[in-house]
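Below is one structure, written out as structure tokens; comments come after it.
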Amino acid sequence: MTNKIVIAELTKGTVNASTAELVSAAQAMGGDITVVVPCTDASMAESVSSYDGVSKVIAVKSDIFSGSDSSGWASALDSATPSGTILCLATARSKDVASRLAARRGLSIVQDVVSIDGNNLTSPIYSGKANQTVTVNSDVVVSVRANVFPSVGSSSSNDVSVVDASGDVKTAVQEVMQRASARLDVSEANIIISGGRGMGSPANFTHLEAVADTIGAAVGASRAAVDTWDEIPHSMQVGQTGKTVNPNLYIAVGISGAIQHLAGMRSSKYIVAINKDADAPIFQHADYGIVATWEEALPAFQDALSSLLA
Amino acid sequence: MSTIVVLVKQVPDTNAKITVQGDRVDLSSVKMEMSPYDSFAIETALRHKEATGGTVTALTVGGSGTEKILKDAKAMGVDNIVRVWDDSWSELDSNGLQSVLKEAIQGLGANAVYCGKSAADTGAGSTGPGLAERLGWSNASNVIGVDFGDAVTVSMPVETGVAKITVPLPAVVSCDKGDFKPRKANVKGIMMAKKAKVELMSASAPAASVVVANHSMPAAKPAGKTFEGGSSASQVVQLLRDEANVI
Ligand SMILES: Cc1cc2nc3c(=O)[nH]c(=O)nc-3n(C[C@H](O)[C@H](O)[C@H](O)COP(=O)(O)OP(=O)(O)OC[C@H]3O[C@@H](n4cnc5c(N)ncnc54)[C@H](O)[C@@H]3O)c2cc1C
Ligand SMILES: Nc1ncnc2c1ncn2[C@@H]1O[C@H](COP(=O)(O)O)[C@@H](O)[C@H]1O
């Protein structure tokens, strides 16, 4: 049983709470657990110092971690990360960095793990139409999906050692076209409400945005919505040729549930569907289905949410 | 002048139903096709050539049954098609695949490699960044648009929006679906593809450290609850709180 190294997930400059899920994923593999925190300021590692089940915390300090160059991230992390099996969160950036880290060390990588039994790791394949279990027989790099493993508690006080690191940055950001709204992106949200062609017009997405703002959700869309309306950007598209998401709650409004849409969201923990057609395929995948037009259902949904969360 | 390689992988038709027989996925009656993002990679590679001059080689790592996608790439307009394989490879893990790709790409003398952001079977997204690291090259992933000059300039989503990023060559660029359509093969292209010869290459692969144990169908979801009428939405909100515990 070799050492397990958890790479903490950074979101907008702070340690993402899902890092505590990575520790319990590492426990499921067994071994001594070290958490490595990429940071620009060692105080960012404080939240990790209380995690249970961890024997060591290493804050790896570098300006590189304020940027997005995966070569820089991987080389800086590599210099400060002990040998062993490495676990990180399966977000777009971390999967990229993890792939480089694995390649740097001549290791294989197993992405999007949703279940762990010792050296047996299970991930969805064919967009979630099947699962694949692999057996790893030496150190590997593993990315783990969020919202699958329980979080470890935080009643410990681990020592944090700080290491300064530098790395090999290869790319340069010229400019960033800021997203118009402060709303979350679908790939980072725990709740997503998505609209399809059934919304009738892009203007009607304001009703979805209102719900999103009430519950801190991101707004997504089907490909039919993205292709039909210029106002709905491709960055909102969920599905096989859009983003793969796995939030705690996915609310599909006016979306039929085509297989390519399901490919991007079927692993969501809970699915709510609002559709006027009782035979729409989405209902076969919904935990809670509402057979109604969105014009009828969304106001009631919004009212109930507002009074519940008031 | 650029020596451009585009990586293509054969995968099951993404519309196909997937079944498991025994402990392996049964693909015997499933149509195989090029992984969807790879066609965006081909389009981007061809635009790179059109902007700077050079050649585009489509390359796949796979057995003899995977040549059709190389012909499809040829019909779209790539110059050369290459298949890398050794019959002693049964299952390549990511370390094996990337080692093989590195050797083949160095053999071709490429300075720009395009691939899909993830393959439709694995969904992994490991190959582009992993290959770049092995080659010591720069990379960018989830790229939705590219401009060409001395370096390539890519657009890709970041935490706060969409960034334009300079990626110096040599580089590996993993392509997402962009705001453009991959070109369709024309009749001339299809005729040329019929006659085109697939070049065979070999390489050495390290032993696998990740071995497939089994495939299984995802656990069936318990049947959901369905409600009629818009006013039932308030009941659903209550269930999301009390039963699902997600709001
Ligand atoms: C290679 C390929 C890749 C693809 N990739 C994706 C992808 O990434 N993502 C994706 O989403 N799709 C993708 N698709 C497209 C997919 O096949 C479907 O066409 C698409 O998902 C349909 O979108 P939709 O459900 O919004 O529209 P529709 O299928 O038109 O469904 C609209 C739904 O709205 C309901 N409705 C209508 N009016 C109302 C109302 N007033 N209130 C409530 N409900 C109403 C209708 O009953 C219907 O079920 C892909 C297709 C292909 C071939
Ligand atoms: N066997 C292969 N042969 C050629 N290219 C591949 C192969 N496997 C993966 N790729 C390329 O790498 C991309 C990402 O694959 P993956 O890392 O498996 O998600 C694919 O879209 C292809 O462009």
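The values are calculated or read from the model by the stated rules, or taken from the named source; none is laboratory data. Computed from a prediction, not measured in an experiment: that's the story for all the values here. With ideal geometry, Cβ positions are generated from the backbone for all residues, glycine too; neighbour counts draw on all protein chains shown. Ligands, DNA and RNA are stripped out before the accessible areas are found, and what is left, the full protein with its side chains, is counted by its heavy atoms. Shrake-Rupley method; radii C 1.70, N 1.55, O 1.52, S 1.80 Å.
Structure above, values below:
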read-out	value
Angle in degrees between helix B:36-52 and the longest Cα principal axis of chain B, rounded to the nearest 10	40
Over 18 Å (Cα to Cα) - which of A:K243/B:K117; B:K49/B:K164; A:K4/A:K269; A:K269/B:K225; A:K12/A:K56 fall in this group	B:K49/B:K164; A:K4/A:K269; A:K12/A:K56
Helix B:233-242 axis, angle to chain B major axis (alpha carbon atoms, nearest 10°)	90
Proximal aspartates and glutamates to A:K61, defined as alpha-carbon separation beneath 19 angstrom and excluding residues fewer than eight positions away on the same chain	A:E9, A:D41, A:E46, A:D69, A:D78, A:D159, A:D164, A:D168
Cα principal axis extents for the protein assembly as shown, largest first, Å	65, 62, 52
Packing rank of A:161-172, A:135-146, where each peptide gets the mean count of other beta carbons within 10 Å, highest leading	A:135-146, A:161-172
Size of charge dipole - chain A - debye, nearest 20, with Cβ of Lys, Arg +1 and Asp, Glu -1, no other charges	620
Computed over the stretch A:160-215, Cα set: Rg, Dmax in Å	18.9, 56
Reference-scaled alpha-carbon Rg (2.2 N^0.38 Å with N residues) for the stretch A:85-147	1.04
Cα-centre dipole for the stretch A:68-150 with unit charges at Cβ (Lys and Arg positive, Asp and Glu negative), debye to 20	140
For residues of A:138-146, the mean tally of beta carbons on other chains within 10 Å	2
Relative contact order [Cα under 8 Å, 6+ residues apart], chain A, whole percent	15
Once exposed loop GluC sites (Glu not before Pro) are cut out (DSSP; at most 15 other Cβ, 10 Å), longest piece of chain B	B:92-242
Farthest positive-ward along the protein assembly as shown dipole, Cα basis, beta-carbon charges - from B:L200, B:H215, B:P168	B:L200
Ranked order, A:D279, B:D23, B:D242 - accessible area, probe 1.4 Å, largest first	A:D279, B:D242, B:D23
Antiparallel DSSP beta bridges within the stretch B:2-220, as percent of all bridges there, nearest 5	40
Nearby aspartates and glutamates by direct alpha-carbon distance to B:K68 (threshold 15 angstrom, same-chain neighbours under 8 apart not counted)	B:D13, B:E33, B:D38, B:E199
Shielding by partners, peptide A:282-292 (average Cβ within 10 angstrom, other chains)	6
Euclidean distance of C-alpha centroids, the stretch A:265-310 and the stretch A:40-109, integer Å	38
GNM top mover of B:A120, B:A223, B:A196 - chain B, alpha-carbon springs below 10 Å	B:A223
Area of B:M192 that stays accessible when all protein chains are in place (1.4 Å probe, Å², to 10)	100
Leading residue at positive end of dipole, the stretch B:2-220 (Cβ point charges), from B:V61, B:M191, B:W89	B:M191
For the stretch B:132-239, projected area of the alpha-carbon convex hull averaged over all directions, nm²	16.3
DSSP loop trypsin sites (Lys or Arg not before Pro) with at most 11 other Cβ within 10 Å excluded, longest remaining stretch of chain B	B:32-183
Probe 1.4 Å - accessible area at A:S156, Å² to nearest ten	40
Candidate residues B:S2, B:S204: accessible-area rank, largest first, probe 1.4 Å	B:S204, B:S2
Average partner coverage of A:294-303, which counts Cβ from other chains inside 10 Å	4
Computed magnitude of the charge dipole of the stretch B:2-220 (debye, nearest 20; Cβ of K, R +1, Cβ of D, E -1)	780
Along principal axes, Cα extents of the stretch B:2-220, largest first, whole Å	52, 46, 34
